[in-house]
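Following: one structure in structure tokens, then a few remarks.
The values are calculated or read from the model by the stated rules, or taken from the named source; none is laboratory data. Note that the structure is predicted; figures quoted are calculated from it, not measured. All Cβ positions, even for glycine, are placed from backbone atoms using ideal geometry, and neighbour counts span all protein chains on display. Heavy atoms of the whole protein, side chains included, go into the accessibility calculation; ligands, DNA and RNA do not. Shrake-Rupley method; radii C 1.70, N 1.55, O 1.52, S 1.80 Å.
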Amino acid sequence: MHPLEFVDVNCAIGPYYNPPPEYDPSAQALLARMDELGIAEACPVALMGRDYSPWEGNLWLQKNLPASPRLHPVWAVAPHYSGEFPAPAELLERMAAAGVRMVRLFLSGVLSFLDRLDLPVLRELFDALAAHRVPLLLDCYDPLLLHAQELEPLLSSWPQMPVILLLPKVVQNERWFHYLWERYDNLYLELSGYQVLGGIENICRRFGPERLLYGSRYPYFTPLQSMLQLIYSDIDEASKKAVAGGTARKLLREVRL
Amino acid sequence: MSALRARALAGEKLSDVLIIDFHVHLPGPWAGMAIPVQTGEHMLAIAERVGVLRLVVFGAIHPDLRATNDAVAAFMRRYPERVVGFATLNPYQFDMVAEARRCFDELGLKGVKLHSMHEGPHSPRPMSSYRKEWERLFAFLAERKGPVIYHGVVSEEMVRAFPEVPFVMAHGVGEVQAMERLQDCPNFHVDTASTQNPAWAIRRAVSILGPKRVLWGTDAPLDDFAQRLGVVLDSGLEEEAIRHVLGLNAARLLQIGGAS
């Protein structure tokens, strides 16, 4: 078994609209997979928060995620103006009460709550999250929705808010992430969609290992694939530890709720 | 936990497992994304860390396919034990059979890659209109027992019409309908390449086609060898089936040692 302590920042549980074969939606199934592969901790969100309702997903997670030092609940977030989601002050209070220290914003096309990074309607929410240094998992199903023109105002307006990109795959706009990494310390990329050969080595060499975080995209992907990508990568052990879980733990520790 | 998976988790090089990557592009510039690995030598060094013994290599999407075929051949000449070169063909650029003959006879390439990206909105005619060209090409490949890996372009009818030609549908483990329709064609195969093909798609492909018609491919240098290895190792298949997918099936198609 590997010596690395993996913290999975990209995993989900709960009812799934189009589940993989033999999918078990429970937290126990996630814990079993973690035990099987040697994953120390995970940050699960409820899939219902993407496919149905962010707030209903959070309530489902609160009810179904067992208290465990290995599981860090992640709540889906959304603008509150339509009355479908709590206003930022109430949200932060409820997050603190529920031990939630990381949030996830789904940008998944016409069937999701938001189809783009619409900053005016997210401003109050991001003000509140940044004030408490809550990391934002920015889950963008279409990688071409995000370019520097969307990300730069986000990173520059809320430098205290770590932004972790969850992308299904890397395409041409990743070139402009390099521009952003040169300028902003609060931009991170999760591994499961960053599958380009030599990519880990390249980012670590140019921008440092703290820019990449291990994630699996469980249950759609097996957690093993990005584990092996990191295990076999040609970077030093300290850098592997940072990517596997060191940086995720640091970001969770720095939350002030 | 399976022994192979445990060894991979320990970062062990799987030298005793025959691993052949059936879907690799020659490194170089790529319009659709930034590729950190820019030389064949760099790519081979990374493959070596994982234990990938051989790579089936074809060109990038290049405006001059003859030049990219020459570059693949030069790469294969430098590393004959590790690189199996395939020609990339496209009827818009040349007489495909003439170029295939040049690639096989003069350059020593062993198979053919066909790519749907050669057809675009500004193409003068659809690929399908070159029917006679395709038939001549597949007749040539049947004579030479040369495999063809294709991305789009090839129809079900073509696979059935040339049973001597091993057809490999690139990224095909995700194509359920094609696999079901061509289940009865022993010359039809799929590869595992694509960032979006999950582990359960490999298991599903084996359940439809059996373990001997699914080939491990990565799309390197676009994708990572170890990532795509993890997809197969955690597919839930028996170790014997995993060994077929990872290399034995490719060895059989390429007629190189280690096949069963």
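Largest GNM mean-square fluctuation among A:VAL243, A:VAL74, A:VAL121, using chain A with Cα springs under 10 Å: A:VAL121. Across the stretch B:100-112, coupling constants 3J(HN,Hα) worked out from phi with the 6.51/-1.76/1.60 Karplus curve, θ = phi - 60°, read 4, 5, 4, 5, 6, 7, 8, 9, x, 6, 10, x, 9 Hz, and Gly and Pro carry x. For the stretch B:61-150, trypsin sites (Lys or Arg not before Pro) are listed when DSSP marks them as loop and at most 15 other Cβ atoms sit within 10 Å of their Cβ; the list is B:LYS145.
Does the protein assembly as shown come out rounded, prolate or oblate by the C-alpha gyration tensor, with a ≥ b ≥ c the root eigenvalues, rounded set by a/c under 1.5 and, if not, prolate when a/b is larger than b/c and oblate if not? Verdict is prolate for the protein assembly as shown. Taking trypsin sites (Lys or Arg not before Pro) across the stretch A:64-153, the ones in a DSSP loop with at most 15 further Cβ atoms lying within 10 angstrom of their Cβ are A:ARG70, A:ARG116.
Amide H contacts under 5 Å for B:ALA87: B:LYS110, B:GLY111, B:VAL112, B:LYS113, restricted to partners 5 or more places along the chain or on a different chain, H placed in the peptide plane at 1.01 Å from N. In a DSSP loop and with at most 16 other Cβ atoms within 10 Å, the trypsin sites (Lys or Arg not before Pro) in the stretch A:191-257 are A:ARG256.
Projected over all directions and averaged, the alpha-carbon convex hull of chain B occupies 12.9 nm². Interface of A with B. Using a 1.4 Å probe and counting protein heavy atoms only, the two chains hide about 3100 Å² of accessible surface, both sides summed. Considering only B:SER123, B:SER194, B:SER207, the mean-square fluctuation computed in a Gaussian network model of chain B, springs between alpha carbons under 10 angstrom, is largest for B:SER123.
The shape of the stretch A:1-124 comes out prolate: with a ≥ b ≥ c from the C-alpha gyration tensor, a/c is at least 1.5 and a/b beats b/c. Measuring only protein heavy atoms, the 1.4 Å probe finds B:ASP224 accessible over about 20 Å².
Springs between Cα atoms under 10 Å define the GNM used for chain A, and in it the highest mean-square fluctuation of A:ALA131, A:ALA78, A:ALA242 occurs at A:ALA131.
With loop membership from DSSP and a limit of 15 other Cβ atoms within 10 Å, the longest segment of chain B without chymotrypsin sites (Phe, Trp or Tyr not before Pro) is B:95-260. For the stretch B:1-50, rounded, prolate or oblate, judged on the Cα gyration tensor with a ≥ b ≥ c (square roots of eigenvalues), a/c < 1.5 rounded, else prolate if a/b > b/c? Prolate. Using the empirical formula 2.2 N^0.38 Å as the baseline, the Cα radius of gyration of chain A reaches a ratio of 0.93.
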